[in-house]
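Trainee: My questions all concern the structure below.
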Amino acid sequence: MKIHRLWEGKAPGALGDEPEDIPTLTEVSDSKATGSQPAFIVCPGGGYGGLADYEGKPAADFLETLGIKGFVLKYRLGPRYHHPAMVNDINRAVRFVRSHASDLNVDPTRIGVLGFSAGGHLTSTAVTYFDAGDNTNPDPVEKVSSRPDQGVLLYPVITMGPLGHGGSRENLLGKNPTQRQIDALSSERNVSLQTPPCFMVHGVDDAVVPIQNSLMFGTALAEHKIKFELHAIEHGPHGFAMAAPGSPEDWRGLCERWLRSHGFA
């Protein structure tokens, strides 16, 4: 595994030089394969206050079995950091992989993001908040687009409203966010015609992040005629991560079929 620092110097808004101040991207693959592979950036969950290990490397390892290069993002967390640090980190991660595509043996037109829970919210932010890059920026990474080409969201936090997850909202926006901040970070409000295709899985009986989060995002995607697939699992507790093979919440086969249909595997 190789760890890439997303910025050579301090990240924008960094409060120090400790590990928690330095967003990184871990290149999980030890493959010697050549040619341009699709790639996915994995965003572990943890309520924007931690990073769940079981939602990081195991997901990247699964992607590797499909011929997709996996990277795990270590993004900045609350309560030390709030928005926009987290979205800056995921946008930079997409730009980093795209700008270094030839060195990483990655296809710059096939870069996806995958996230669980609060990492799913960060994924939903990545597919709704992006730009084409800034050609005038002296940093070559900032010249390229931060738009992902695919999104995979597992039991994601989507809204910052009443049906969202209070801990994620506080870590992302602080204790007393304004309604404007809540609306701005409620991803169901920010889907556009440029949002990429998305695959979602959510447990109907999720007691931590209600399934309405995925339903609202799916509705917004449908209204904008964005291709998506949403699997509502009758019994799927929050945090099932990679799930046991053959279990009701085992989403890997469904996701593999989706990715293959979109030329990602």
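Trainee: Which cross-chain or sequence-distant (5 or more) residues have an amide H under 5 Å from the amide H of F228, H modelled 1.01 Å from N in plane?
Mentor: C198
Trainee: Related question: Which residue, L114, F40, S102, has the largest displacement toward the positive end of the dipole of the range 1-123 when charges sit on each Cβ (Lys, Arg +1; Asp, Glu -1)?
Mentor: S102
Trainee: Could I ask something else about it? What residues qualify as long-range amide H neighbours of A265, i.e. H under 5 Å apart, gap of 5 or more or another chain, H built at 1.01 Å from N?
Mentor: Counting only residues 5 or more places away or on other chains, the set is R260.
Trainee: How big is the dipole moment of the chain about its Cα centre under a simple scheme where the beta carbon of each Lys and Arg is +1, that of each Asp and Glu is -1, and everything else is neutral? Debye, nearest 20, please.
Mentor: Numbers: 24 positive and 30 negative charges, 94 e Å.
I would put it at about 440 debye.
Trainee: Using a/c under 1.5 as the rounded threshold, could you call the range 124-265 rounded, prolate or oblate? The axes a ≥ b ≥ c are square roots of the C-alpha gyration tensor eigenvalues, and prolate needs a/b larger than b/c, oblate otherwise.
Mentor: Cα axes put the range 124-265 in the oblate bin.
Trainee: Go through 70-78, 190-198 and give me the packing order, highest mean Cβ count within 10 Å leading.
Mentor: 70-78, 190-198
Trainee: Ordered by residue, what ³J(HN,Hα) values in Hz, to whole numbers, does the range 236-249 give under the Karplus form 6.51 cos²θ - 1.76 cosθ + 1.60, where θ = phi - 60° and Gly and Pro are x?
Mentor: After applying 6.51 cos²θ - 1.76 cosθ + 1.60, I find x, x, 4, x, 6, 6, 7, 6, 6, x, x, 6, x, 9 Hz.
Trainee: Pull up all non-local amide H partners of G112: gap of 5 or more, or a different chain, and H-to-H distance under 5 Å with H placed in the peptide plane.
Mentor: A39, F40, I41, D149
Trainee: Let me ask something additional. Express in Å², to the nearest 10, the accessible area of D134 obtained by rolling a 1.4 Å probe over the protein heavy atoms while all chains stay in place.
Mentor: 60 Å²
Trainee: Treating the beta-carbon of each Lys and Arg as +1 and of each Asp and Glu as -1, no other charges, what is the dipole magnitude of the range 80-125 about its Cα centre, to the nearest 20 debye?
Mentor: For the range 80-125, the charge dipole is close to 100 debye.
Trainee: Oh, and also: So if I place +1 on the C-beta of Lys and Arg and -1 on the C-beta of Asp and Glu, and nothing else carries charge, what would the dipole magnitude of the range 1-119 be about its Cα centre? I want it in debye, nearest 20.
Mentor: 280 debye
Trainee: Compute the separation of the alpha-carbon centres of the range 154-170 and the range 185-202 and state it in Å as a whole number.
Mentor: Here the answer is 14 Å between Cα centres.
Trainee: Calculate, for D103 and H224, the FRET efficiency according to 1/(1 + (r/R0)^6) with r their C-beta to C-beta distance and R0 35 Å; round to the nearest 0.05.
Mentor: Approximately 0.50, to the nearest 0.05.
Trainee: Which residue, L66, A52, H82, has the largest displacement toward the positive end of the dipole of the range 13-133 when charges sit on each Cβ (Lys, Arg +1; Asp, Glu -1)?
Mentor: Result: L66, furthest along the dipole toward the positive end.
Trainee: Give the shape of the range 55-122 as rounded, prolate or oblate, defined through the alpha-carbon gyration tensor: a ≥ b ≥ c are the square roots of its eigenvalues, a/c under 1.5 means rounded, and otherwise the shape is prolate if a/b is larger than b/c and oblate if not.
Mentor: Oblate shape, in that a/c is at least 1.5 and b/c is the bigger or equal ratio.
Trainee: Enumerate lysine pairs in the range 1-90 that are 8 or more residues apart or on different chains, then count those whose Cα atoms are under 23 Å apart.
Mentor: Lysine pairs satisfying the spacing and distance rule in the range 1-90 number 10.
Trainee: Then there is this: Just order 96-107, 41-52, 137-148 by mean Cβ neighbour count inside 10 Å, highest at the front, would you?
Mentor: Highest to lowest by the protection proxy: 41-52, 96-107, 137-148.
The values are calculated or read from the model by the stated rules, or taken from the named source; none is laboratory data. All values reported here derive from a predicted model rather than from experimental measurement. Glycine also receives a Cβ, built like all others from the backbone with ideal geometry; neighbour counts cover every protein chain displayed. Just the protein is used for accessible areas: all its heavy atoms, side chains included, with ligands, DNA and RNA removed. Shrake-Rupley method; radii C 1.70, N 1.55, O 1.52, S 1.80 Å.
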